[in-house]
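The block underneath contains the structure these notes are about, expressed in structure tokens.
The values are calculated or read from the model by the stated rules, or taken from the named source; none is laboratory data. Worth saying up front: this structure is predicted, and the values here are computed from it rather than measured. Reconstructed Cβ throughout: ideal geometry from the backbone, glycine too, with neighbour counts over all protein chains shown.
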């Protein structure tokens, strides 16, 4: 256990740098804040360091350990926080990205840019028993604070991997996955008419432009959702969640 | 048609005030921006005034009319815009809130605070043929720019009404609606087991706290969605959209 009270301290400066994607990429670490997320990261065993505000020690006594806790002051918490009310607790978490074998339901995110959508989809994927989420390397950073917040901690509990679409589809084809991509085209099959394969991947496309040609070319089926013609499309996190609800994974 | 080139002009100052809820409430007007939304408001017939950047006139010639167009410069567009790239076109739109009679499917939002969620739900409600959205008067302002953007223009095409929950439920009971509220309680019915009534209202609750006691007490059924126990809950716009997809309206 250490006590640090200066925002000029080098350890604190290093942690603060993790607010930038560049440093998250270099170190494979990222920051989270608030009791709910820190407890979920702790449960998942990904927590490297916990920083606790000296005024909130009692509240977090069970989280504090000799090994990995730094007691800090409010100024340091505020410096590290993304929000106005950081609840006096910050975690430094190690990224843990994997390709898991033998999966049954996976989600593929093709160039998603809105962090709220990505986080919401991680949350839904966990809720509907998806085993893995792949995200294309041109998508928003998974460790953006808004992704983490919208995921409500799902990011610690589901297997994730960022890679090129080519590598992702190469893996999926090798593992004999059926690939379903969502798009509102004339030759799309309605979700309700689909007989989903046990081992399948659902591909969702960019908020403005939909799925890429790479996804289109790799898809076994193009799938769409029944909807009124009064509006062009659904929000991608809604469309993806409806499709995952329909093509649920096994527990 | 008028031409205004000074950001000090009183008409421009009055429009800029509409960025604040207080002035939107006083005038029943709100601002939108970008070609897509302005065209949708135009189609819906709610557009009071269009402001077009003098450098973008050609692009918007078909929208310009003698009656309601103001030609402005880029500085004015930037002053009125919420975003960094406003596309040279701003609309001033009149609120049009109504209670429609004889509805078959309505959505009730009970104390929703996230503008992205509310906008996304308006978009899904339109997509799944809901006829009206009620929003409780303690919810986020419907005319917040983030609501409008997330709605993708659905806000112009669906009947909306902000009122107290008491008034909303009084209306629904009077019109003999079945009321389904969503909550993860032990006595909830699974969505899949529900035999939805033709005339029904779906109630969604606050992001952190769920539905209010008023909603609970007025509900004929409490409904929940099958999900894994690995996560506490779904995002409310996802849960609401799945429920609306399941309990679709008629065209």
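Things to note:
- One residue alone among A:18, A:47, A:63, A:57 is at pLDDT 95 or above and at negative phi, and that residue is A:18.
- Hey, residue A:133 free of Cβ contacts under 8 Å to residues at least 40 places away in the same chain and within 14 Å of chain B (Cβ to nearest Cβ) or not: yes
- Check on residue A:217, more than 14 Å from chain B (Cβ to nearest Cβ), more than 19 Å from the chain's Cα centre (by Cα) and part of a loop (DSSP other than H, G, I, E, B): no
- Only one of the numbered conditions (1) modelled with pLDDT of 95 or more; (2) within 14 Å of chain B (Cβ to nearest Cβ); (3) in contact with a helix residue (DSSP H, G or I) (Cβ under 6 Å, 6 or more places away or on another chain); (4) crowded, with 23+ Cβ neighbours inside 10 Å is violated by residue A:115, and that is (4).
- Residue in the range A:194-207 that is out of contact with any strand residue (DSSP E or B) (no Cβ under 8 Å at 6 or more places or on another chain), surrounded by 15 or more Cβ atoms within 10 Å (Cβ to Cβ), touching a residue at least 60 places away in the same chain (Cβ under 8 Å) and more than 9 Å from chain B (Cβ to nearest Cβ) present: yes
- The test for being surrounded by fewer than 16 Cβ atoms within 10 Å (Cβ to Cβ), more than 14 Å from every other protein chain (Cβ to nearest Cβ) and out of contact with any strand residue (DSSP E or B) (no Cβ under 8 Å at 6 or more places or on another chain) holds for residue A:167.
- Odd one out for residue A:85, checked against (1) surrounded by fewer than 19 Cβ atoms within 10 Å (Cβ to Cβ); (2) in contact (Cβ under 8 Å) with a residue 60 or more places away in the chain: (2)
- Only one entry in A:242, A:225 is within 11 Å of another protein chain (Cβ to nearest Cβ), in contact (Cβ under 8 Å) with a residue 24 or more places away in the chain, over 21 Å from the mean Cα position of the chain (by Cα) and surrounded by 19 or more Cβ atoms within 10 Å (Cβ to Cβ), namely A:225.
- Tally, over the range A:121-156, of residues that are outside any helix (DSSP H, G or I), closer than 24 Å to residue A:22 by Cα and touching a helix residue (DSSP H, G or I) at 6+ places or on another chain (Cβ under 6 Å): 9
- Enumeration of residues in the range B:89-104 that are out of contact with any helix residue (DSSP H, G or I) (no Cβ under 8 Å at 6 or more places or on another chain) and in a strand (DSSP E or B): B:94, B:97
- Candidates in the range B:228-239 are the residues that are at the interface with another protein chain (Cβ under 8 Å from one of its Cβ atoms) and more than 21 Å from the chain's Cα centre (by Cα); of these, the one that is nearest to residue B:151 (Cα to Cα) is B:233.
- Selected residue [in contact (Cβ under 8 Å) with a residue 40 or more places away in the chain and buried (at least 20 other Cβ atoms within 10 Å of the Cβ)] from B:122, B:172, B:184, B:234: B:172
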